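**Student:** Got a structure here, written out as structure tokens. Questions coming.
The values are calculated or read from the model by the stated rules, or taken from the named source; none is laboratory data. These numbers were taken from a predicted model, which means no experiment stands behind them. Reconstructed Cβ throughout: ideal geometry from the backbone, glycine too, with neighbour counts over all protein chains shown. Heavy atoms of the whole protein, side chains included, go into the accessibility calculation; ligands, DNA and RNA do not. Shrake-Rupley method; radii C 1.70, N 1.55, O 1.52, S 1.80 Å.
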Amino acid sequence: MLLVYTHKITPRVKYIFKHICTRVLGIDVSFTTTIEEFIAHDSLKMSYTKQPLGNEFFIKSHDILFEQGLSDIDFHVYTWGTTKGFFFNGEKGVLPYDIFASSFYLLSRYEEYLPHVQDEYGRFLATESVAYKHDFLHQPIVDIWAYKFKDALQNFFPEFQFPIKTYSIKPIIDVPSAYLYRLKGIMRTVGGALKDVFKFNFKGLYARFMVLFGLMHDPFDTFKYILNKQKQTKHTFLFFFLIGAYSTYDKGISVNKKKFISLIKQVADYCKVGLKTSFFSTEDVSILKKEKLQMEAIINTALVATRQSFSKLNLPESYRNLIDLEIQEDYTMGYVNHIGFRAGSCTPFLFYDLDYEVQTPLKVYSYHLMDYSLLKTQSLLDKKIVLNDIISEIKKVNGEFVPVFHNYTFSDMDKWKGFKELFNIILDSTDED
């Protein structure tokens, strides 16, 4: 166990030390403000305060972990070896940067509470983030810092045996609409056909009627293929089905369609199933509650995980609503059009509510790549290079890779050609070591 001496034990200090020490490095941590207790401890120990007590393992603390509320913190980002660092703390400490304060800044999403530009869906933009502006979005920087801390501790306490962690994957299958043409109802089918006519999309019109007459397979219906993949791998896929009402933003299948219910139940027999919450449920907890109860009735068990439509998050309200409904896990934290680490980490973390200054029970699984972000890369070869780069970054810190693919990604429709192969690279990435 690591004992940390500090001048004040705050919720922020406990939160971030437990993430870095326990979740990333696998060691227990406890805290003291008593010098005598610190001196008497005969295993791993460090001081985290303004001045060292003596010659102990010391990291100089930044004020952010001892404050409450928000302030517009001004800081410089520096190059630190092959990565970056901020909250420089001088020459006295073992590390030149306060990695605990900077990790807290990233994990708590401090910058998303401050005034920022949003896109047309009300989302925080990758380009607004400190990680993008200072070119470390592509690195799980919190985990990298944790390993720098581990190396320094190991030098100071050479006898100590750290637990060994291994790289893992958690593939996400997002299902905003299970079918392209089927189960849409008469009004939507007629409307879609007329739209095809007005746009001179006769190829689409032909495909629509071939599917409806049972002469062709619905392009979005890739579930048999995905379930076969699930049977061939040890990694459990996590499906998110949209069951919310039809709206401007959400155009899924009606939850009243028995064949759709049957599909969700079939998938739940082999994979984990969560709820893809509708766009308007992020603003209205009564809609969210209704969708949660509907999904629980379908899967016949308590709902554990959610993913918000359009990856839209309003912090802290979105997460507070999930906590109120006793949702345990969320998979919304990420960028649709940018590959990388929105919260700076590839280790799941508990949401810290900056307004209430409390660690919550909601576990956040930040996703690191969405299939859409690979469309910006032209050739399949280049896509493979980009994909292997992020896998390599996560492997360096034995993290967990969370990629998001959609059911239609496996359709072989023009823009998704080759994506089955990319998914296979992800599944195979745990077997290479």
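**Student:** Going through the range 322-334 one residue at a time, which ones are farther than 26 Å from SER262 by Cα, under 18 Å from the mean Cα position of the chain (by Cα) and either among the small types (Gly, Ala, Ser) or open to solvent by 10 Å² or more (accessible area, probe 1.4 Å) (or both)?
**Tutor:** ILE323, GLY334
**Student:** Then there is this: Kindly provide the set of residues from the range 378-388 that are part of a helix (DSSP H, G or I) and either of a type outside the set (D, E, K, R) or within 19 Å of ILE172 (Cα to Cα) (or both), ordered by number.
**Tutor:** LEU380, LEU381, LYS383, LYS384, ILE385, VAL386, LEU387, ASN388
**Student:** Please name all residue pairs, on different chains or six or more residues apart, with Cβ atoms under 8 Å, provided the first residue is in the range 285-310 and is farther than 19 Å from SER247 by Cα and the second residue is open to solvent by 10 Å² or more (accessible area, probe 1.4 Å) and modelled with pLDDT under 95.
**Tutor:** Between residues of the range 285-310 that are farther than 19 Å from SER247 by Cα and residues that are open to solvent by 10 Å² or more (accessible area, probe 1.4 Å) and modelled with pLDDT under 95, the close pairs are ILE298/VAL255.
**Student:** Of everything in the range 113-146, what is within 21 Å of LEU95 (Cβ to Cβ) and buried (at least 17 other Cβ atoms within 10 Å of the Cβ)? Give them in sequence order.
**Tutor:** Selection gives VAL130, ALA131, PHE136, GLN139, PRO140, ILE141, VAL142, ASP143, ILE144, TRP145, ALA146.
**Student:** Just for the range 200-230: of the residues that are closer than 26 Å to GLU296 by Cβ and not polar (S, T, N, Q), which one is surrounded by the fewest Cβ atoms within 10 Å (Cβ to Cβ)?
**Tutor:** Filtering the range 200-230 for residues that are closer than 26 Å to GLU296 by Cβ and not polar (S, T, N, Q), the one surrounded by the fewest Cβ atoms within 10 Å (Cβ to Cβ) comes out as LYS224.
**Student:** Further, regarding this structure: Within the group LEU350, LEU375, LEU362, which residue is touching a strand residue (DSSP E or B) at 6+ places or on another chain (Cβ under 7 Å), open to solvent by 10 Å² or more (accessible area, probe 1.4 Å) and outside any loop (DSSP other than H, G, I, E, B)?
**Tutor:** LEU350
**Student:** State the number of residues belonging to the range 283-310 that are polar (S, T, N, Q), surrounded by fewer than 22 Cβ atoms within 10 Å (Cβ to Cβ) and closer than 27 Å to ARG109 by Cβ.
**Tutor:** 1
**Student:** Show me the strands (runs of 3 or more DSSP E) entirely contained within the range 24-80 in which 1 or more residues are closer than 19 Å to ALA146 by Cβ and open to solvent by 50 Å² or more (accessible area, probe 1.4 Å).
**Tutor:** It comes to 58-60, 77-80.
**Student:** Give the residues of the range 225-250 that are assigned to a loop (DSSP other than H, G, I, E, B) and not aliphatic (A, V, I, L, M), sorted by residue number.
**Tutor:** THR233, LYS234, HIS235, THR236, PHE237, GLY244, TYR246, SER247, THR248, TYR249, ASP250
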